[in-house]
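The values are calculated or read from the model by the stated rules, or taken from the named source; none is laboratory data. From a predicted model like this one, the values you see are computed outputs, not experimental measurements. Note that each Cβ is placed from the backbone with ideal geometry, even for glycine, and that neighbours are counted across all protein chains shown.
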Amino acid sequence: MGMGTRKWLALVLVLALVIVPLVGCAAPEETDTEETVTEEPKEPYRIGAVLSLTGTYAGLGAPEKNTLDMEVARINADGGVDGHPIEIVYEDDATDAAKAQAAVVRLIEQEGVIAVIGATGTGGTMAMRADIERAQVPQVSVAGGTVITSTFSKWVFQTPWSNSLVVPFTLDYLKDKGIKKIALITDTGGFGADGLAVLQAQAAKAGMTIVASETFNPGDTDMTAQLTKIKASDAEAVVLWSAGKEAAIVAKNMQQLNMQIPLFGSHGNARTEFIEGAGAAAEGFKFAAGKILIPETYGEDTLSYTVATDFKERYTAAYGKGPDTFAGHAYDALYIITNAIGDLDEGFTPSDLRDQIEKTDSFVGIGGVFTYSAENHNGLDASDLVMYEVKDGKWVLAE
Amino acid sequence: MGSAELLQYVVAGFKSGAIYALVALGFTLVYGSTGIINFAQGEFFMLGGVLSVFYYRLGLPLLLAALAGVVTTAGVGLAFERLALRPRRDAGALVLIIITIGGSMVMKSLTRHIFGPDEATLPEFTPGPSIAFGGVAIERQALWLWGLTIVAVLALTWLYRKTRFGRAMRACSLSHDAARLMGIDTARVVMVSFGLAAALGALAGLAVTPLTQTAWDVGATAGMKGFAAAILGGLGNPVASVIGGLVLGLLESLSVAFLSSTYKDAIALIVLLIVLFLRPQGLIGRARREKV
């Protein structure tokens, strides 16, 4: 082997090292924050964000980061909060709970953040708890697991609708349609397992019988076998709880097996990629989610509508596609924190910030209208949800 | 359980099984000429889907997009062998295997950065409702998968048995030194088998995309299942790899039918372990006798 090969290798390596960061950052970084600050800037407020920018939940972490980038630039362009610019310190947890825990330690110990947004996933969010409580820094999670707020911590808040909110809403809808026997198909990941537990706990309360319960693993490519089993049961509807791309496969396999009973999903399926992936099989798919998908559902004369359409327009202009629900969760988390900071006097501590976040009252966000209390750190209720249906490849309001 | 229902489980098993089989063939190809396990095989599967989607979105017709996806992936396979593996080809199998693991990580991360994190899909090759056959529903795309598997295994068997290049590959698998002494350009054989394995993986990845969508992270699962299938059937033999894939798919599907979907992967894994225990050479593979 001559030097030629070595040089080639070195060149490729160098190219890779140069190109990767360029490609990775090229898209959203147009917003420089410094230019409009007129007076001498005060010290920035540093907020940590632990997001899944790689790994299974990369499709969720990306819109979350997009949103934080965009909104922080906007806040700072308006002069920051009480004259202090906001600075977000990002950490990528690679959809790995252990990395989320390490990231939060770094944010608290080395970066000195006053609050933490994240993690993207329920597993990561829960893994951070011990360090959050030890350091006494408020955390606003953008993950949907029920456990995040049902296993209560004084320091942890949550912006998405939790499964304990969405499951009863969905079951009530099914009951109204006269459905009494349901089959469940859930993934074995955090979101699916959390949903399954809540479904099993709530079904009887809603007068439902679970006649079949099947699972699949993230990464599985075919659910025909599970659905064949469900087809042989006397279920009147299938309820699917999964936030991954496997959801589209379930819809397609059902169509393939010519199953006539309706399929219900969850807010985890509120992504255009689901409709693209399932194609014609997505028609008639119903799921409960917040109102951002169709801002008109807020009611056109409401403040929520104004906030959501404004956000939707700006996000679409910046990133070339509309915001999904995950973008909304990040929006809500950021403004819940910055609003609380704005209500505090200079020199507050993270503990003061926590107290102030808990006093959040009727904050009009994207996910709904938030009111936290000493007992409720989720802050949303069923009135923030609507049932959607896929029709002609688009979301419409279900009847 | 009615016979139609049972047959539906078998169809489901063979559908997954065909995917595993196509990936397993890639493992077998590289093993056949180098004696190493290429852990980047799953990423070739991923690249086939992601790149075809990329070309399709550029406006190429489906057939051309698929072809371009396969050719680009084959190019990646060739480049990977030439730039990453060949410089260390005398370092021993373990080093090479670890290089393939590193290569898979690089391919995966680069894809994530270049093409983004979201899943994407391709249209079905021949769109239409699934075909009903004696109370069993069969997707049209599944027929494509089976067809591709049959064509791939026939082509590979022909390549191994009937062509000069195939004999050269087999010679390489026995001993690189001896093959070189016989005038075989072993470096070229190894490089071409990587290119072929990449093309095969890409073909599988893009044929599955209309059913399952694709994304930068689908390679790991595909690689794991394909590897298990290749081991189950017997490494180095194309027919054995395909049988390994189909058996693995069937095992998973029947575990769902008769036991529980929660344990299907565990059951498939246990069977794999039992087979390895009783027949280390795989279900079909012949034990390799070391001659002194």
* To do: Return the total of residues in the range A:128-153 being of a type in the set (Gly, Ala, Ser), crowded, with 24+ Cβ neighbours inside 10 Å and touching a helix residue (DSSP H, G or I) at 6+ places or on another chain (Cβ under 6 Å).
  => 3
* Asked: If we scan the range B:8-20, do we find a residue that is assigned to a helix (DSSP H, G or I) and in contact with a strand residue (DSSP E or B) (Cβ under 8 Å, 6 or more places away or on another chain)?
  -> yes
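Out of B:ALA187, B:ALA230, B:ALA220, report the one residue that is within 23 Å of B:ALA40 (Cβ to Cβ) and crowded, with 20+ Cβ neighbours inside 10 Å.
Working: B:ALA187 fails: crowded, with 20+ Cβ neighbours inside 10 Å; B:ALA220 fails: crowded, with 20+ Cβ neighbours inside 10 Å.
After applying the criteria, what remains is B:ALA230.
Step by step: first the residues of the range A:205-218, then only those that are part of a loop (DSSP other than H, G, I, E, B) and without any contact (Cβ under 8 Å) to a residue 40 or more places away in the chain, then the one that is farthest from the other protein chains (Cβ to nearest Cβ). Which residue is that? Give the derivation first.
At the first step, the residues of the range A:205-218 found to be part of a loop (DSSP other than H, G, I, E, B) are A:207-208, A:217-218.
Now restrict to residues that are without any contact (Cβ under 8 Å) to a residue 40 or more places away in the chain: A:207-208, A:217.
On the way: A:GLY207: 26, A:MET208: 20, A:ASN217: 6 Å.
Filtering first and then ranking leaves A:GLY207.
Can you tell me which residue among A:THR228, A:THR186, A:THR221 is within 14 Å of chain B (Cβ to nearest Cβ), in contact with a helix residue (DSSP H, G or I) (Cβ under 6 Å, 6 or more places away or on another chain) and part of a strand (DSSP E or B)? Walk me through it before giving the result.
Values: A:THR228 fails: part of a strand (DSSP E or B); A:THR221 fails: part of a strand (DSSP E or B).
Selected residue: A:THR186, the only one of A:THR228, A:THR186, A:THR221 that is within 14 Å of chain B (Cβ to nearest Cβ), in contact with a helix residue (DSSP H, G or I) (Cβ under 6 Å, 6 or more places away or on another chain) and part of a strand (DSSP E or B).
Given the condition farther than 25 Å from B:GLY2 by Cβ and either at pLDDT 90 or above or over 15 Å from the mean Cα position of the chain (by Cα) (or both), answer yes or no: does some residue in the range B:258-267 qualify? Spell out the reasoning first.
Within the range B:258-267, the first condition is being farther than 25 Å from B:GLY2 by Cβ, and the residues that meet it are B:265-266.
Then drop every residue that is not either at pLDDT 90 or above or over 15 Å from the mean Cα position of the chain (by Cα) (or both), which leaves B:265-266.
For the range B:258-267, residues farther than 25 Å from B:GLY2 by Cβ and either at pLDDT 90 or above or over 15 Å from the mean Cα position of the chain (by Cα) (or both): present.
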* **Residue list for the range A:241-263, restricted to those being more than 10 Å from chain B (Cβ to nearest Cβ) and either farther than 25 Å from B:ILE131 by Cα or basic (Lys, Arg) (or both)** => A:TRP241, A:SER242, A:ALA243
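Could you grab me the full set of residues in the range B:91-119 that are in a loop (DSSP other than H, G, I, E, B) and at the interface with another protein chain (Cβ under 9 Å from one of its Cβ atoms)? Break it down into steps so the answer makes sense when it comes.
Keep residues of the range B:91-119 that are in a loop (DSSP other than H, G, I, E, B), which gives B:91-92, B:116-119.
B:GLY116, B:PRO117, B:ASP118, B:GLU119, listed by residue number.
Please specify each residue of the range A:105-134 satisfying the condition of being among the polar types (S, T, N, Q) and either under 17 Å from the mean Cα position of the chain (by Cα) or outside the structural domain of A:GLY328 (by TED's automatic domain parsing) (or both). Break it down into steps so the answer makes sense when it comes.
The initial filter retains those residues of the range A:105-134 that are among the polar types (S, T, N, Q), namely A:110, A:120, A:122, A:125.
Of everything in the range A:105-134, those that are among the polar types (S, T, N, Q) and either under 17 Å from the mean Cα position of the chain (by Cα) or outside the structural domain of A:GLY328 (by TED's automatic domain parsing) (or both) turn out to be A:THR120, A:THR122, A:THR125.
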* Among (1) in contact with a helix residue (DSSP H, G or I) (Cβ under 8 Å, 6 or more places away or on another chain); (2) in a helix (DSSP H, G or I); (3) more than 21 Å from A:GLY59 (Cβ to Cβ), the one test that A:GLY123 misses -> (3)
* Check the range A:119-127 and report whether any residue there is surrounded by fewer than 18 Cβ atoms within 10 Å (Cβ to Cβ) and of a type outside the set (D, E, K, R). => no
* Asked: Has the range B:142-158 got at least one residue that is of a type outside the set (A, V, I, L, M, F, W, C), crowded, with 16+ Cβ neighbours inside 10 Å, assigned to a helix (DSSP H, G or I) and within 11 Å of chain A (Cβ to nearest Cβ)?
  -> no
